[in-house]
Amino acid sequence: MSNSLKSLITDAYENGKCHTSYIRKVSPIASVAGYWVDLSMATGTPTPNYYVGGEKEATVPLNWYKKGIWHGGSVSPENKILHKLMLLGTTSVFAPCPFLLCDYLMYYPLIDMDNTDTQQFVNYDAVDNLSISTLPRYTDGVGVQAFLVATNPYVGGAQFQITYVNSNNQTHVSMITTTNTSTYIGTIVNSNTAGIGKYGPFIPLALGDIGIKKVIDITFFQTNGGLATLVLVKPIASTMTKEATSWAEFDFIKDKPSLPRIYDGAYLNLLAMPSGTIATIPLLGEATFIWD
Amino acid sequence: MGFTSIDNFISEVTSGKFWRNDWIKLYNGSATATVGNWYDLSQGAGNPIQYLHGNLVTNYDFVTSMQPWIVTTASWAYTPGTHLMTRTANADYATSFLYQTLRMTRGQIYQVVYTISGAAGTGLTVSLGGTAGTTRTTNARFVDYLVCGSTDKNITFSAPSATGGGTIDLVSVKPIYGGFIPYNDLTEGAMWHGGDVTPDTKHMINIGTFTNAAAGVPSILELVDVLGVYPHVRTDTLAVQTLYGSDAYSGNTLTNGETPYNEQVVTNVTSSIVNKVTEGVTGGDTGHTVCAKLAITNTFTTGIIASKAVALATTSYNYVYAKYVYLWIRTNRAMNAGDLSFCTDESANLASSQDVLLPALSANTWTKVRLDVSGLTTTDKDTVISVGLKAVNDVDATYNIYLDDIYWANWDGVLYNGTFAGNAIGWTMGTSNWAYRTNDVERTANADVSTLSQTLLPVTQKCPYRVTFTIANRSAGTVNVSLGGGTASASRSVDGTYEEIITCGTTNYTLAFTPDATFNGRISHVICTPLIPRCDVDTLPTTYGGGVRMYYVLDGALSNGANAATTIIKYTNQAGLDHRSSGATINNMATDTTYHLPHSGVGAGKFGPFIPMQSNDYGIQKVDSLQFSTAQATADAGVDVVVCKPIVSVPITTVYVAAERDLMNQLPSLPRVRDGAYLMLLIHTGGATIAGSAFMGYCDFAWS
């Protein structure tokens, strides 16, 4: 907890409790206007994220946080916040464009989107009687959201839903979501443009639910094609670019006073909703974190 | 008290007093939105989930699953891919039900709407609390008006025989004719903002919105705290529709005290209108400077004192359902019970009137007497044209009677049998020391302090209610009343009729009278009605309701007749003055599009998103009535009248361009978000927004 603006700034910039990371993401894969994309999978800095893991197994990679937007390591018992975020979309597909900085928590890889059976996720090792992985942060699930990102090309146009355990430990079923027809790897398949049952970037939850603790299964009602990973994230901050070649700068103390908390071990990366294909288009940025 | 400094803000937020909500709502209206109009996104799918205003059914369209519906046999099955519940014909029909327990009032009438497809054999039947509707054997959307029975508080679908089957969808149950339903943050479809924080104060800090729908911009999103709704005000009638749900005690005006009782000339009686100050009779109904006066000479004996012509069939559409009449009356001499009677008649001049005796009146005291008119048949109340007073006993004196507004109400609020009419059915009497007597219940002193209660009431937790009750024959001890397990009223130890404003707690949905061990006395005439929440009820009646605005939206449960009528809407303002008029003539747009606020649009007489108020008014305590100038052909169609408090407006100028507002520095306002607030969005479309267009965004809240 910070006591004052003065102590926060003094600690950060006079006592060295700050870190600035530099971002340059260039997706080699195309995207479609209006569909959200997961920039963690794009090449550049930080390094691309391939969602490696056992099939449909709850996965939290070892030291995952080192591969996301670096925020300065563990600072506990002090509190770390996002102070500033600057982004530059170098062409009009990235500007205007909304972005979401997320803390990536856990994922379930290698979901076969052609399989219309209910596909159970592996949250528990029955052989060794152990839980596989659980949420490493936001462990109560409050505020945790889910998206489904393509890891192989797909056709799309199918409906699916997930069964999950909410933050009250109740097992609920999400709203049925229609996938987009982008076909491209790195696209969030549950995001979509106008149409009934089309949402994004997150899978709408059941009545009254405010977060997810873990996901039980996923069911496609039609064949969709491709493979995907279901990702659980905690949205941290929103920002946006407005004009190509013009930096978007936000101070989360002054401009958007919210002081987004960054927990030790957070794997940070960006989601974006571009207005066209982002293939080979650089996105540049800086993120400054402070703590006291 | 909220944030005291930037330092305080930083300290509180970094200690965790912060909530970020990411939301998405679809405009899913039944047609493309018209440029320049306002629409209500509550009904739109997304996160939070869609909601039909005032619907008592949860998950009405089975959108995520069948929760919380219950099936009793496997003949009912949920199909996830289509969001539908289907019963397959089976011999188990007698025990095979699809049901959900609702919080309803037994004995009250509700509109039940549902859709059947794939009807098979003898079809399906809906029932409400055990009251069966019409068995349906065809595919269509159906409407039943059912009185909640005494079997349970369930809406139940069943098959009348083994061959019966079909698929159910889009189920709604709403109280008819506008009973007020308050909302809180747990009401279906509310945007979550971090839960209750009292004694801290919560503020909205940032909001950002964007869309990927090119036809969805430019647009304006208006975030409001929906305080509640008067559901399903019919559009297929041009009569005045009284929205009595808000406050049955002050009720709906039957006739006012500002016009004389001059329907007939009565010998030895002079009827006039007098200024209360000049006459020395201040008081009575709040805010009225004049009242009716009846000067009676001592040569008058008995019979009709005075009457006035009214037209209740058109001016008070629902009076036929009246249970109580509330009469403001003052006399300059004491009157015994039964000396006077209140009269209504469907013939002029009270020629064949129905009379109800008045209780005893103290001299020179304004009294609001409550008269039970439930014993009059509906055929004696549906076309009343004359109201007045009769003298039953000759008091042999010269005296004056003053009359102010006369109200009526149709029920005991959310309660069943609040008057203990002939029995105590519906009430739970804790132990044998509570006992039904004659139209009341009596408690005798006992160490056991168990309660007198009603459970599973249609009340909304965290919202205020007015509970009125009468204590009589009290000889010892005290009694208080509580709702939902919340803070109880003051303990009462004197005979009298009390109005208690209490907040429904979060423990249950029970109204309970709790005595102390020594309480000896009788309880009767209990009414419990909702008030508009989150608008400073503690300031009643002077400034309560400040900042509250109203709009109405086409009811999504039914198709609506295109209603191009004008509207007269009356309300009680923040100072308690009733029957205030809208500040301008409201011309509805001809529309049949769900989500639409038909009073918005481009052109003369179009207002949006809120209905303009009368000069000098800045708030609403309740909406009194609504009247359309023409009736629509579509039977059962309606609008929902919504009351809300605006929180913040955000314009979205361009597709993909997020509209972001910092409400601390950029637009310093830090809008207050109260515990229990039901946050939702209205949208003003600058483009021809097609159905399915998505609007996304986030809201940041912090508290201290």
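The values are calculated or read from the model by the stated rules, or taken from the named source; none is laboratory data. These numbers were taken from a predicted model, which means no experiment stands behind them. Cβ: placed from backbone, ideal geometry, glycine included. Neighbour counts: every protein chain shown.
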When you scan the stretch B:386-460 for strands (runs of 3 or more DSSP E) that lie fully inside it, which ones turn up with 2 or more residues that are closer than 21 Å to B:L357 by Cα, out of contact with any Ser or Thr (no Cβ under 7 Å at 6 or more places or on another chain) and assigned by TED's automatic domain parsing to the domain that holds B:D345?
B:399-409
Within the stretch B:544-573, considering residues that are in a loop (DSSP other than H, G, I, E, B) and modelled with pLDDT of 90 or more, the one nearest to B:T235 (Cα to Cα):
B:V548
For the stretch B:662-677, check the following and say yes or no: at least one residue is crowded, with 20+ Cβ neighbours inside 10 Å, at pLDDT 90 or above, facing chain A (nearest Cβ under 10 Å) and assigned to a strand (DSSP E or B).
yes
Tell me, which residue of the stretch A:53-70 that is out of contact with any Lys or Arg (no Cβ under 7 Å at 6 or more places or on another chain) and aliphatic (A, V, I, L, M) is modelled with the lowest pLDDT?
A:L62
Out of curiosity, is A:I81 among the β-branched types (V, I, T), closer than 30 Å to B:V13 by Cα and either at pLDDT below 95 or touching a helix residue (DSSP H, G or I) at 6+ places or on another chain (Cβ under 9 Å) (or both)?
yes
Those strands (runs of 3 or more DSSP E) lying entirely in the stretch A:1-109 with at least 1 residues touching a Ser or Thr at 6+ places or on another chain (Cβ under 8 Å) and of a type outside the set (V, I, T):
A:18-26, A:80-89
If the Cβ limit is 6 Å and pairs must be 6+ apart or interchain, which residue in the stretch A:47-71 that is free of Cβ contacts under 8 Å to residues at least 24 places away in the same chain pairs with which residue that is surrounded by fewer than 20 Cβ atoms within 10 Å (Cβ to Cβ)?
A:T47/A:K67
Per the list (1) within 19 Å of B:D440 (Cα to Cα); (2) surrounded by fewer than 18 Cβ atoms within 10 Å (Cβ to Cβ), residue check on B:T506 breaks on (1)
Taking the stretch B:42-53 as the region of interest, how many residues are facing chain A (nearest Cβ under 10 Å) and touching a Ser or Thr at 6+ places or on another chain (Cβ under 8 Å)?
3
Quick check on my filter: what residues within the stretch B:387-423 are among the β-branched types (V, I, T) and within 17 Å of the chain's Cα centre (by Cα)?
B:V414
Number of the exception - B:Y317 against (1) among the aromatic types (F, W, Y); (2) at pLDDT below 95; (3) in a strand (DSSP E or B)
(3)
Leading residue by the ranking (surrounded by the fewest Cβ atoms within 10 Å (Cβ to Cβ)) among those in the stretch A:43-92 that are farther than 19 Å from A:I29 by Cβ and among the hydroxyl-bearing types (S, T, Y)
A:S76
What's the total number of residues in the stretch A:227-247 that are crowded, with 23+ Cβ neighbours inside 10 Å and small (G, A, S)?
3
How about the stretch A:1-26: which of its residues are away from chain B (no Cβ under 14 Å) and either charged (D, E, K, R) or in contact with a strand residue (DSSP E or B) (Cβ under 7 Å, 6 or more places away or on another chain) (or both)?
A:E14, A:C18, A:H19, A:T20, A:S21, A:Y22, A:I23, A:R24, A:K25, A:V26
With the structure loaded, tell me whether B:I155 is β-branched (V, I, T), surrounded by fewer than 24 Cβ atoms within 10 Å (Cβ to Cβ) and over 16 Å from B:N21 (Cα atoms) or whether it fails that test.
no
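Listed here are the residues, each with its yes/no results for (1) more than 13 Å from chain A (Cβ to nearest Cβ); (2) surrounded by 22 or more Cβ atoms within 10 Å (Cβ to Cβ); (3) not in a loop (DSSP other than H, G, I, E, B).
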residue: B:F62; (1), (2), (3): no, no, no
residue: B:M66; (1), (2), (3): no, no, no
residue: B:T73; (1), (2), (3): yes, no, no
residue: B:A77; (1), (2), (3): yes, no, yes
residue: B:N90; (1), (2), (3): yes, no, no
When B:R141 is evaluated against the numbered criteria (1) among the basic types (K, R); (2) surrounded by 19 or more Cβ atoms within 10 Å (Cβ to Cβ); (3) within 22 Å of B:G165 (Cβ to Cβ), which criterion, by number, is the only one it fails?
(2)
Determine which single condition B:T58 fails, assuming it passes every other condition in (1) touching a residue at least 60 places away in the same chain (Cβ under 8 Å); (2) surrounded by fewer than 19 Cβ atoms within 10 Å (Cβ to Cβ); (3) over 26 Å from B:L456 (Cα atoms); (4) out of contact with any Gly (no Cβ under 8 Å at 6 or more places or on another chain).
(3)
With B:V112, B:V126, B:V147, B:V143 as the choices, which residue is hydrophobic (A, V, I, L, M, F, W, C) and in contact with a Ser or Thr (Cβ under 6 Å, 6 or more places away or on another chain)?
B:V147
Read through the list (1) farther than 24 Å from A:I210 by Cβ; (2) within 13 Å of chain A (Cβ to nearest Cβ); (3) within 27 Å of the chain's Cα centre (by Cα), then give the number of the only condition that B:Y39 fails.
(2)
It is to be established whether one or more residues within the stretch B:96-114 are under 20 Å from B:G164 (Cα atoms), among the β-branched types (V, I, T), surrounded by fewer than 18 Cβ atoms within 10 Å (Cβ to Cβ) and not assigned by TED's automatic domain parsing to the domain that holds B:V459.
no
Inspect the stretch B:528-536 for any residue being without any contact (Cβ under 8 Å) to a residue 60 or more places away in the chain, of a type outside the set (F, W, Y), surrounded by fewer than 19 Cβ atoms within 10 Å (Cβ to Cβ) and in a loop (DSSP other than H, G, I, E, B) and give the result as yes or no.
yes
Suppose we filter B:T419, B:T428, B:T383, B:T398 for residues that are surrounded by 14 or more Cβ atoms within 10 Å (Cβ to Cβ) and free of Cβ contacts under 8 Å to residues at least 60 places away in the same chain; which single one remains?
B:T428
